[in-house]
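See structure below.
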Amino acid sequence: LPTNLDRESPFGEPDEPSSSLISALDVDREPGTEIDLLGDNYDLAFVFQFYDEDGIFSFTENFDDRVKVVATPIVGSENLDGTGLSGEHTNVSWNTRTFGNFDFSAQGGGGWFNVDIWLVEDGGGAQSAADIGFGYYNNFSTNTADFGGVGYAGAFGLSSGSPAEFDTAPNGQSWGVYLDSFDPDVDTDGDSIPDGFEERFFPGDLTQLVPGDFDQDGVNDAEEYNDGTDPTDEDSDDDGLSDGGEAAAGTNPLAVDSDGDGLPDGVETGSGIFVSASDTGTDALNVDSDGDGADDGDEIVENTDPNDPDSRPAILVVQPSFVPINEFAPGTYGPDLTQTGLDYQENHYANG
């Protein structure tokens with residue numbers, strides 16, 4: 001059966017990967033059915049809750065191949081604990097319409113009910129033989145025309161032609177699915193870290209992240225939540241500088257290269273002395289630490305000292321050169337201003 005638990009991120013969907021939320025229990029044969037019935041040998045299982053004022057209601061189905069419907073009285077729309085014995089309807093005949101009439105009046109009458117539904121396809125292709133595939137009616141009935149689709153209006157064959165009508169509870173609710181979840185912004189344990197943030201790293205355990213420093217990076221867990229960093233990773237952006245080190249240096253703990261000079265923050269040690277490409281001594285918040293007009297990253301590539309303004313990459317100079325087109329006798333090269341056309345072609349190239 002699908003689970004209704006939503007205790008782990010991402011929030012707003014069931015934790016069990018095989019479970020999903022749907023808006024209609026539509027297994028009719030008409031085109032555009034919401035539920036894919038293609039294939040062989042599989043089970044479909046559905047769970048929803050509804051309110052019925054007198055505890056007397058019916059389901060109908062004609063699904064191929066087997067069907068079981070179990071209805072259980074429960075505490076309420078947000079408390080699915082049972083309050084009495086369940087009622088069950090089964091059908092093991094393929095392509096045969098059946099009606100499951102439920103009467104809970106002897107157990108105290110109406111209220112909220114949880115219904116579990118199994119539809120089994122054993123081979124030969126799943127289908128609903130005719131008319132509405134699965135429907136609900138809030139009274140006893142064996143007349144297909146009384147039944148409406150759960151969450152949709154049946155358009156194939158015989159049915160009420162309208163969505164199923166459920167009674168309305170005093171709280172204004174009628175039917176649906178209760179997703180047992182929580183507000184991820186709530187801080188249940190009062191550690192200044194929202195439960196949703198803690199669940200991302202330790203599903204189901206709110207005791208790991210506390211006002212302390214789980215990853216020992218010099219930034220406490222609550223501050224890491226505010227900063228958006230990973231409280232379980234001492235170097236959230238993997239730039240070689242711990243989150244605490246970035247906080248002290250004023251660099252961005254979520255950016256590998258805070259100043260955009262082509263060097264990771266972790267190698268820009270700020271000592272002012274170049275040791276190696278992994279200890280450049282440059283300022284991680286200054287693109288050009290020595291102010292010589294060349295970015296620190298470029299100086300490392302060109303093997304110059306990014307901390308010394310007198311050590312910088314060579315400046316490329318572009319110079320013109322001339323190649324004769326109309327060649328004169330040796331020693332007489334020069335423009336011939338008496339003739340039409342060009343005597344020289346100008347070429348530009350680096351380091352000419």
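Over all other residues within a Cβ to Cβ distance under 14 Å of Asn143, the charged ones net out to -1, with Lys and Arg as +1 and Asp and Glu as -1.
Does the chain come out rounded, prolate or oblate by the C-alpha gyration tensor, with a ≥ b ≥ c the root eigenvalues, rounded set by a/c under 1.5 and, if not, prolate when a/b is larger than b/c and oblate if not?
Oblate, because a/c is 1.5 or more while a/b does not exceed b/c.
Near His89: Cβ cut-off under 10 Å, other residues only, Lys/Arg at +1 and Asp/Glu at -1. The net charge is -1. Length gained on full extension, Asp187 to Gln208: 6.2 nm, using 0.36 nm per residue less the C-alpha separation. Karplus-derived 3J(HN,Hα) values for region 193-203, using 6.51 cos²θ - 1.76 cosθ + 1.60 with θ = phi - 60°, are 10, x, 4, x, 5, 5, 5, 4, 9, 9, x Hz; glycine and proline are entered as x. With contacts taken as Cα pairs under 8 Å at a separation of at least 6 residues, region 183-249 carries a relative contact order of 21 percent. If the segment from Thr232 to Glu78 were pulled out straight at 0.36 nm per residue, it would be longer than the present Cα-Cα gap by 52.0 nm.
Taking each DSSP H run with n ≥ 4 as -39500 (n - 2.57) and averaging over every residue of the chain yields -2000 deg cm²/dmol at 222 nm.
No value in this document is a laboratory result; all are computed from the given coordinates. Please read these numbers as outputs of a predicted model, since none were measured by experiment. In this analysis, Cβ positions are derived from the backbone assuming ideal geometry, glycine residues included, and neighbour counts consider all displayed protein chains.
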